[in-house]
Amino acid sequence: MTDSTGFNPNVTGPLSDMRVVDLTRLAAGNMLSHMMADFGAEVIKIERPEIGDDLRRFGHGGVWWKVYGRSKKSVTLNLKSEEGKELLKRIIADSDVMIENFVPGTLENWGLGPDVLWRNSPDLVIARISGWGQTGPYSNRPGFGTLIEALSGFASMTGFDDKPPLLPPLALADMVAGLAGFGAVSTALLAREKGKSKGQVIDLSLFEPLHGILGPWSAEYIATGQTPRRMGNSSEVAAPRGVYLCKDGKHIAMSASMQSMWEQLAHAMGLPELVDDPRFKSTRDRVENQTELDEIVSEFFMRRNLKDNLDYCRQKGITAGEIADAADLIDHDYIKGREILVHAADKDFGAIPMHNVFPRLSATPGAIRAPAPDVGQHTAEILESMGINALQRKELARRGVI
């Protein structure tokens with residue numbers, strides 16, 4: 001059970017016997033490792049002395065780090081020093097997973113490539129995150145999420161047709177890669193457990209997971225000779241579908257993606273004759289004539305305020321829902337009823353809401369076990385467990401190794 005601070009330090013989780021060494025910075029690697037920490041892994045975050053992970057400087061008061069650094073341990077090491085590299089090797093020797101997101105070839109140049117690490121830890125799973133992958137003509141290019149969101153096709157299909165392409169207002173490519181990485185690492189650990197492999201490298205680009213979730217748009221291009229056009233809130237495969245203004249100035253989202261749903265909507269609007277209207281008879285007809293259809297649907301929703309529209313839609317079985325923002329979600333009945341947000345104690349804000357553990361496992365659930373650490377908070381603990389005493393640590397600090 002979560003204690004009064006919002007943390008649950010007593011839940012071990014299914015990955016509790018796993019040690020993960022995270023060398024990454026910013027979002028993708030932290031998304032991956034925070035999910036492993038949520039499910040019980042000991043995640044040792046290797047950070048630059050004094051500076052730490054750049055994610056610590058994202059958002060007001062470093063809130064990105066507070067959320068995605070939770071339940072981790074922070075150890076500072078200067079990996080440009082030989083002593084720092086040797087200490088890292090010793091930490092990794094007792095670890096199951098290492099995650100890194102340096103430019104491909106960097107670890108090899110430091111003498112820390114997979115072949116070196118596997119000498120002492122042959123079962124080590126190494127997740128290598130990069131913008132474009134470890135191979136291919138773009139492997140040495142900068143791999144920021146914005147560039148991936150641009151080339152992947154996401155931006156070209158996002159926005160309205162009379163406006164420029166839109167980039168997402170979040171670290172979308174990084175977060176999608178982090179989710180994919182969690183699945184990949186878990187798969188590699190399962191393969192190891194079943195004796196199908198020892199250690200292996202996971203080559204995880206930011207590009208491929210994002211490109212993979214956009215739908216079969218390359219196949220559609222071959223089939224039709226056309227690329228997806230920007231359609232705002234509309235869809236190429238369903239109509240009516242969009243965001244509609246209500247009488248009180250608020251917005252409602254609605255989708256009638258199946259024929260039965262469209263027929264329900266037409267009757268609910270008091271316009272059953274639209275079902276047999278040749279402009280709207282089939283899905284393809286409605287997609288081709290959705291401008292006219294949207295005018296009809298917009299007029300229907302403008303008759304009522306948002307709450308009344310939602311009540312009416314639920315009564316009539318219409319698939320519609322409110323457009324919510326962060327302020328709406330803090331006290332939303334769905335969020336509270338399913339405990340999707342945890343209000344965790346925080347030294348700067350008193351308490352900070354953060355997403356709860358997902359996905360939910362019935363027999364071996366995860367938990368948020370501890371707040372995100374300060375830079376180097378666990379350096380002494382980890383080095384002491386390796387037999388490095390206080391005097392030695394003081395000398396290492398003096399020389400800038402830790």
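The values are calculated or read from the model by the stated rules, or taken from the named source; none is laboratory data. Values in this document were obtained by computation on a predicted structure and should not be read as measured data. Cβ atoms come from the backbone with ideal geometry, glycine included; neighbour counts cover every protein chain shown. Heads up: the accessible areas ignore ligands, DNA and RNA and are worked out on the full protein's heavy atoms, side chains in. Shrake-Rupley method; radii C 1.70, N 1.55, O 1.52, S 1.80 Å.
Quick notes on this structure:
- Beyond 12 Å, the tail of the calculated P(r) for region 283-331 holds 72 percent of the Cα pairs.
- Taking the chain and dividing mean pair separation by its residue count, relative contact order in percent (alpha carbons under 8 Å, at least six apart): 22
- For region 157-229, the relative contact order comes to 31 percent (Cα pairs under 8 Å, sequence separation of at least 6).
- With each label modelled as a point 7 angstrom along the Cα→C-beta vector, the Ala351-Thr5 pair spans 1.5 nm.
- Cα→Cβ-extended label distance, 7 Å offset, between Lys316 and Phe358, nm: 3.0
- Taking N as the residue count of region 247-310, its C-alpha radius of gyration divided by 2.2 N^0.38 Å amounts to 1.11.
- Per residue Cα convex hull volume in Å³ - calculated over region 69-133: 104
- Gyration tensor over the Cα atoms of region 249-402: the corresponding equivalent ellipsoid has semi-axes (square roots of 5 times the eigenvalues, largest first) of 57, 18, 15 Å.
- DSSP beta bridges in the chain [antiparallel fraction, %, rounded to 5]: 40
- Using just its DSSP H runs of length 4 or more, each adding -39500 (n - 2.57), the chain gives a mean residue ellipticity at 222 nm of -10500 deg cm²/dmol after division by all residues.
- GluC sites (Glu not before Pro) within region 13-53: DSSP coil, no more than 13 neighbouring Cβ in 10 Å: Glu50
- Estimated at 0.36 nm per residue, the fully extended path between Val275 and Glu288 surpasses their Cα-Cα distance by 3.2 nm.
- Accessible-area composition of region 78-193, carbon plus sulfur, in percent [1.4 Å probe]: 57
- Reciprocal mean inverse distance between Cα atoms of region 335-399 - Kirkwood radius, Å: 15.1
- Simple Cβ-charge dipole of the chain, Lys/Arg +1 and Asp/Glu -1, about Cα centre, in debye nearest 20: 900
- Rounded percent of accessible protein surface that carbon and sulfur make up, region 278-371, 1.4 Å probe: 54
- Label point 7 Å beyond Cα of Gln226 along Cβ direction - residues of region 260-287 with amide nitrogen under 12 Å: 284-285, 287
- Per residue value of the accessible surface for region 16-83 (all protein chains in place, 1.4 Å probe), Å²: 32
- Straight Cα distances below 16 angstrom link Lys85 to the lysines Lys45, with same-chain residues fewer than 8 positions distant left out.
- On the principal axes of its alpha carbon atoms, region 114-158 extends 47, 19, 14 Å, with the longest extent given first.
- Note that region 26-146 shows a convex hull volume over its alpha carbon atoms of 114 Å³ per residue.
- Burial order of peptide ranges 388-396, 131-139 (average beta-carbon count within 10 Å, highest first): 131-139, 388-396
- Remark: the Ala219-Arg338 segment gains 39.0 nm on full extension, using 0.36 nm per residue and subtracting the alpha carbon distance.
- Tensor-based shape of region 148-266 (alpha-carbon gyration tensor, a/c under 1.5 rounded, otherwise prolate or oblate): prolate
- Here, P(r) means the percent of Cα pairs in each 5 Å bin from 0 to the largest distance; for region 21-61 it is 6, 23, 29, 24, 14, 4.
- GNM flexibility winner over the chain from Asn356, Asn120, Asn289 (Cα, springs under 10 Å): Asn289
- From the coordinates of this entry, mean projected area of the Cα convex hull in nm² is computed, and it appears in (1) 20.3; (2) 18.0; (3) 24.1 under the label (3).
- Region 115-148 and region 337-381: distance between their alpha carbon centers, rounded to Å: 28
- For region 199-297, taking the reciprocal of the average inverse distance between every pair of different Cα atoms yields a Kirkwood hydrodynamic radius of 15.9 Å.
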